[in-house]
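Here the structure comes first, spelled out in structure tokens, and everything after it is commentary.
The values are calculated or read from the model by the stated rules, or taken from the named source; none is laboratory data. Keep in mind it's a predicted model, so treat the numbers as computed, not measured. With ideal geometry, Cβ positions are generated from the backbone for all residues, glycine too; neighbour counts draw on all protein chains shown. Just the protein is used for accessible areas: all its heavy atoms, side chains included, with ligands, DNA and RNA removed. Shrake-Rupley method; radii C 1.70, N 1.55, O 1.52, S 1.80 Å.
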Amino acid sequence: MSCAVEQTVENLPPRGRGALAQLMRDPMGMTGAVLVVGFILLAIFAPLLAPYDPIQIDVRHKFQPPSLAHWAGTDQLGRDMLSRLIWGARVALGISMTATGIAGALGLLLGLVAGFGPRWLDAVLVLFFDSFSSLPMIMFALAVITVLGPGITTLIIVIVLVSVPGYGRLIRAQTLALKGADYIQAERTIGASSARIILYHLLPNVVGPLVILLSMDIPVVIMLEAGLSYLNLGVGPPTPSWGNILYDGYTSLRSAPYMVIAGGIPLILCTLGFTFLGEGLRDALDPKLKLRVAR
């Protein structure tokens, strides 16, 4: 396995190898990477790792405290908490990574078009970004969910619509700063097409900040999904969701306080993991920013 990792690192471009080496030397970044990889593996192999069916009801064994049979106890319907938490990781990561991935791709496309395209198109896209950014996120999410109805698809649509303006503005600012660089002007002088300039010169330089922002926004999306599911406006039962688990724990706080603790731990660890990873990626991909912050 180590040989495969070394070969993968050697196949990366020099900048990628340097960033990966910097990330591996950063204890906080490596801690975040380990946590993130752990949750991703937990989500992928949930059917194999979950000891019980997460939606199987066994009322005879409801509110069982943590034991060897049920490591995280059981809920008000006798369902195994650990199994529901493991499957909840698949729901949380599936929604957050899908939504941020789509939003990041759309923001990248719109930001490049706004920054490199004609001024009238830039003005239209900036107006679009400002209009959506001015809307309160929670109120907008509640309005869309009320119209479309709660569900995973609705959650993804809400997150994409809320996130695209921020990503688009970031990429637009990066593009505007880069398109006046000397090497871009030199490419234009020798007759390079706009597509070549965007693909070979602008895109590699604007992706780094976007990746950093995406990694830091994933825990925000996870918390948003958990909050909406807690309010019964997100993932509906019996689908296991960390927000649903927290709601069940709140309603059963006096009978089984361990449910709230068990439901909160994955949220905290996942948030810390993506936050630490984002900080590590920022220091690795943009060392100049780290120096400016240190000063």
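The table for this structure:
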{"quantity": "Of all residues making up the range 247-264, the number that are surrounded by fewer than 16 Cβ atoms within 10 Å (Cβ to Cβ), touching a residue at least 24 places away in the same chain (Cβ under 8 Å) and either touching a Ser or Thr at 6+ places or on another chain (Cβ under 9 Å) or assigned to a helix (DSSP H, G or I) (or both)", "calculated": "1"}
{"quantity": "Output for the range 27-47, where each listed residue is under 12 Å from CYS270 (Cβ atoms), modelled with pLDDT of 90 or more and of a type outside the set (A, V, I, L, M, F, W, C)", "calculated": "GLY38"}
{"quantity": "Helices (runs of 4 or more DSSP H) fully within the range 127-239 counting 1 or more residues that are exposed (fewer than 15 other Cβ atoms within 10 Å of the Cβ) and among the acidic types (Asp, Glu)", "calculated": "182-189"}
{"quantity": "Every residue from the range 43-57 that is assigned to a helix (DSSP H, G or I) and open to solvent by 50 Å² or more (accessible area, probe 1.4 Å)", "calculated": "ILE44, PRO47, LEU48, LEU49"}
{"quantity": "Test result for VAL113, more than 21 Å from VAL220 (Cα to Cα), under 20 Å from the mean Cα position of the chain (by Cα) and either open to solvent by less than 60 Å² (accessible area, probe 1.4 Å) or free of Cβ contacts under 8 Å to residues at least 60 places away in the same chain (or both)", "calculated": "no"}
{"quantity": "Only listed residue being over 20 Å from the mean Cα position of the chain (by Cα) and either farther than 16 Å from ALA43 by Cα or free of Cβ contacts under 8 Å to residues at least 40 places away in the same chain (or both), chosen from ASN244, ASN232", "calculated": "ASN232"}
{"quantity": "Where a residue in the range 20-39 is touching a residue at least 40 places away in the same chain (Cβ under 8 Å) and its partner, wherever it lies, is surrounded by fewer than 14 Cβ atoms within 10 Å (Cβ to Cβ) and not in a helix (DSSP H, G or I), with Cβ under 8 Å and at least six apart", "calculated": "LEU20/LEU12"}
{"quantity": "Top-ranked residue in the range 252-261 [being of a type in the set (A, V, I, L, M, F, W, C) and touching a Gly at 6+ places or on another chain (Cβ under 7 Å); ranked as modelled with the lowest pLDDT]", "calculated": "ALA256"}
{"quantity": "Index of the failed condition, ALA69 passing every other in (1) modelled with pLDDT of 90 or more; (2) in a loop (DSSP other than H, G, I, E, B)", "calculated": "(1)"}
{"quantity": "Residue in the range 184-205 that is touching a Ser or Thr at 6+ places or on another chain (Cβ under 7 Å), over 30 Å from PRO65 (Cβ atoms) and acidic (Asp, Glu) present", "calculated": "no"}
{"quantity": "Test for GLY101: is it assigned to a helix (DSSP H, G or I), crowded, with 22+ Cβ neighbours inside 10 Å and within 19 Å of the chain's Cα centre (by Cα)", "calculated": "no"}
{"quantity": "In the range 265-280, residue modelled with the highest pLDDT [restricted to those that are touching a Ser or Thr at 6+ places or on another chain (Cβ under 6 Å) and not aromatic (Phe, Trp, Tyr)]", "calculated": "LEU277"}
